[in-house]
Amino acid sequence: MTLLEELESAKAAALASLAAAPDIPALDHAKGSAIGPEGRFTQLMRRLGSLPKEERPAVGKAFNAAKAEIEVLLASRRADLELRAALPREPFDFSAPGRRRGVGRLHPLSQVTDDIVRAFRRLGFAVADGPEIEDEKHCFDALNTPADHPARDAQDTFFIDAPGRSLLRTHTSSVQIRVMETMPPPIRIVVPGRVFRRDNADATHNPTFHQIEGLYVDRNVTVGDLKGTVEAVFREVLGNDVRLRFRPHYFSYTEPSLEIDFTNALVRKLGKEWLEIAGCGMVHPKVFENVGYDPEQWSGWAFGFGIERIAMLRYGITDIRSFYENDVRFLRQF
Ligand code: DAH
């Protein structure tokens, strides 16, 4: 066989083994046997020098052409095999929906609380808190609600069976006292928190629920400040079609005391004209005396909202118990 014939047969063998290589290692091996330092081509190349001078250019050219052909096939086979290695081994449905990680979210009561707190913070209020297990002094006495006061029976209280007559706070108003005992005026706070009452659960009651308390103490504070502030916050949280009505009421810790009624399109759709939503008023001088503030110098207002009430109005929820069941089908909607 002439060198040229040997070259042709080596090329055919190299192309065949590159084409047949099932994976990248096999391809690299085929490449090495053909054009590697000890490969068939390299060996044949060495024999070029033994040819008569006039034959060398043609055979050299044939060598280069064959090598180029091998390089082209090698590159395309490498690309194919790399792609194949990257593809899944099993048949795969690329149109199937992906698996998402379940993303949690805040409970609707937390969302409403956060929104109310955010609105008050913008107006310069700070967040305060106090204990859920309280004493009678902070929950009632200092709020001008002595033991024989009728308002105290009305709030059916859970007492704790331990010395000292501890109780579960019936309202967040206890935190007004705790804050004023520890800080001099002026005061601007809101207090979101859990409260407890001996109610049976039904669509609108639960033995534990949430309130947000507000307290503003400064010189020359007016009922106008109270109305303006509460109105601004309700608009922000429940929308611009909100209307509020302030009605005379009675609380032992405010004078005058007012109840806030609320209406919007949803309330009217439920067939009601107004819904009670909060209590408020100007802080009673006795309360200031009880915490050592001079009622001649300081004036203030306070309010307490029920958070569940507001969340029910915001989302159109008709049974308060939905908030506590932790049914993900309910919670997912917020
Ligand atoms: N503590 C009252 C309640 O639980 C709500 C309330 C009324 C809070 C008047 C206040 C207030 O701060 O001034 O029903």
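Quick note: the coordinates plus some simple rules give every number you see, no bench work behind them. Being a predicted model, the structure only gives us computed values, none of them experimental. Here Cβ is always computed from backbone atoms with ideal geometry, including for glycine, and neighbour counts include all displayed protein chains.
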Of all the stretches in the chain, which is the longest one without any exposed loop site, taking GluC sites (Glu not before Pro) in a DSSP loop (any state but H, G, I, E, B) with at most 11 other Cβ atoms within 10 Å? 39-272
Could you calculate the contour length gain from residue 328 to residue 270, that is, 0.36 nm times the residue separation minus the distance between their Cα atoms, to one decimal place in nm? 18.3 nm
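Of all chymotrypsin sites (Phe, Trp or Tyr not before Pro) in region 10-113, which ones are in loop regions per DSSP and have a Cβ with at most 15 other Cβ atoms within 10 Å? Before the final figure, lay out the partial values.
Values: sites: 41, 63, 92, 94; in loops: 92, 94.
When the chymotrypsin sites (Phe, Trp or Tyr not before Pro) of region 10-113 are filtered for loop state and at most 15 Cβ neighbours within 10 Å, 92, 94 remain.
Quick one: if you take sqrt(5λ) for each eigenvalue of the C-alpha gyration tensor of region 288-334, what semi-axes come out, biggest first, whole angstrom?
On the way: eigenvalues 327, 24, 12 Å².
Over the Cα atoms of region 288-334, the ellipsoid semi-axes are 40, 11, 8 Å.
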Report the semi-axes of the equivalent ellipsoid for region 1-158 in whole Å, largest first, where each axis is √(5λ) for an eigenvalue λ of the Cα gyration tensor. 93, 17, 13
Stokes-Einstein D for region 127-281, Kirkwood Rh over Cα pairs, 25 °C, 0.890 mPa s (µm²/s): 144
Which value at 222 nm does the chain reach when only helices count, each DSSP H run of 4 or more adding -39,500 (n - 2.57), with the total divided by all residues and rounded to the nearest 500 deg cm²/dmol? -12500 deg cm²/dmol
Just going by the charge dipole of the chain, with Lys and Arg at +1 and Asp and Glu at -1 on Cβ, which of 301, 264, 106 is farthest out on the positive end? 106
As a Kirkwood estimate from alpha-carbon pairs, region 3-86 has a hydrodynamic radius in angstrom of 13.4
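If r is the Cβ-Cβ distance from residue 255 to residue 182 and R0 is 22 Å, what FRET efficiency results, to the nearest 0.05? Could you put the intermediate results ahead of the total?
Details: r = 24 Å, r/R0 = 1.09.
E(calc), rounded to 0.05, equals 0.35.
Taking 8 Å as the Cα distance limit and 6 or more residues as the minimum spacing, I'd like the relative contact order of region 210-334 as a percentage. If you can, show how the numbers build up before the last one.
Numbers: 184 pairs, mean separation 37.9, N = 125.
Averaging sequence separation for qualifying contacts and normalising by length gives 30 percent for region 210-334.
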Mean separation of Cα contacts under 8 Å (at least 6 apart) over the residue count of region 1-135, i.e. the relative contact order in percent, is 22
Work out which trypsin sites (Lys or Arg not before Pro) in the chain are exposed loop sites (DSSP not H, G, I, E or B, at most 16 other Cβ within 10 Å) and give the longest gap free of them. 1-88
Mind checking the log10 I(q)/I(0) for the chain at q = 0.13 Å⁻¹? Debye, one equal scatterer per Cα, no solvent, two decimals. -0.99
